[in-house]
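Down below is the structure, laid out as structure tokens.
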Amino acid sequence: HYTEGAELIDAVMDVTRKEAEDCECLQGFQVCHSIGGGTGSGMGTLLISKVREEYPDRIMGTYSVFPSPRVSDVVVEPYNSILSIHQLIENVDEVSVIDNEALFDITF
């Protein structure tokens, strides 16, 4: 959110703006991301908040993969998740929760 994301957000928003301008009838945005850490929690929530600022009247929906201790043992995943959930509550109209452990069970 504050490191790589802050450096990349302007370029990402330029691409987002161009795609939105090319739409005849833009209704909203969908974001697929993981909230356990890495790019999905930091850059993903930064993108969501910037899109919400620029397009406050459009629907924002996410498919958010929530971490599971069985699949990963990264210590900071719960903290990243709490910070991400706060951003989702503030900026998203619809969140589809996807359990990472269930995804793991499906694939293996």
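The values are calculated or read from the model by the stated rules, or taken from the named source; none is laboratory data. Source: prediction; values computed, not measured. When we count neighbours, we look across all protein chains shown, and the Cβ atoms used for this are built from the backbone with ideal geometry, even at glycine. Surface accessibility is based on the protein's heavy atoms, side chains included, excluding ligands, DNA and RNA. Shrake-Rupley method; radii C 1.70, N 1.55, O 1.52, S 1.80 Å.
Laid out as a table, the results:
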| item | result |
| --- | --- |
| Value at 222 nm in deg cm²/dmol, rounded to 500, when DSSP H runs of n ≥ 4 in the chain each add -39,500 (n - 2.57) | -17000 deg cm²/dmol |
| Longest segment of the chain lacking trypsin sites (Lys or Arg not before Pro) that sit in a DSSP loop with at most 15 other Cβ atoms within 10 Å | 1-57 |
| Solvent-accessible area per residue, Å², over the range 37-108 with all protein chains present [probe radius 1.4 Å] | 61 Å² |
| Cut-off under 5 Å, modelled amide H: who pairs with GLY37 long-range | none |
| Estimated vicinal HN-Hα couplings, Hz - the range 4-21 in sequence order (Karplus 6.51, -1.76, 1.60; Gly, Pro = x) | 4, x, 5, 6, 9, 4, 5, 5, 5, 5, 4, 5, 4, 4, 4, 5, 5, 5 |
| For the chain, share of DSSP beta bridges that run antiparallel, in % to the nearest 5 | 0 percent |
| Heavy-atom accessible surface of the chain: percent carbon and sulfur, 1.4 Å | 56 percent |
| Under the Debye formula (equal points on every Cα, no solvent term), log10 I(q)/I(0) of the range 65-108 at q = 0.15, 0.23, 0.33 Å⁻¹ | -0.43, -0.84, -1.14 |
